[in-house]
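The values are calculated or read from the model by the stated rules, or taken from the named source; none is laboratory data. All values reported here derive from a predicted model rather than from experimental measurement. Cβ coordinates were reconstructed from backbone atoms using ideal geometry, including for glycine residues, and neighbour counts include every protein chain displayed. In case anyone asks, the SASA skips ligands and DNA or RNA and just uses the protein heavy atoms, side chains included. Shrake-Rupley method; radii C 1.70, N 1.55, O 1.52, S 1.80 Å.
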Amino acid sequence: MILRRITDAFRKQDWFTFAVETLIVVFGVFIGLRVNNWNAARIEQAQEQEYLIRLKDDFA
């Protein structure tokens, strides 16, 4: 649907609509990647805490 609107705007040479819709898609992908990276870092930090707790128990 969004791809059809972008191609129609491109064919009609409606450059403002083309630019706005392209920016919306790019920002959506960017935000999605940032959220994915944030979630991966959060999981990694939780695993790190679990490993530290296990090491502490092993040395005790």
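For the reader, a short list of remarks on this structure follows.
- For the chain, the solvent-accessible area works out to 96 Å² per residue, with a probe of 1.4 Å and every protein chain left in place.
- Net charge dipole, the chain: roughly 420 debye, given to the nearest 20, about the Cα centre with Cβ charges of +1 for Lys and Arg and -1 for Asp and Glu.
- Note on the chain: Kirkwood radius taken over Cα pairs, Stokes-Einstein applied at 4 °C and 1.567 mPa s, translational D equal to 87 µm² s⁻¹.
- Of the solvent-accessible surface of the chain, computed with a 1.4 Å probe and all protein chains present, 63% belongs to carbon and sulfur.
- Each of the peptides 21-27, 1-7 was scored by the mean count of other Cβ atoms within 10 Å over its residues; in descending order, highest first, they stand as 21-27, 1-7.
- Helix 2-11 and the longest principal axis of the C-alpha atoms of the chain enclose an angle of approximately 40°.
- Between helix 15-59 and the chain: long-axis angle, C-alpha atoms, 0 to 90°, nearest 10: 10
- Across the options Ala46, Ile6, Gly28, the greatest Cα extent toward the positive end of the charge dipole of the chain (unit charges at beta carbon of Lys, Arg, Asp, Glu) belongs to Ile6.
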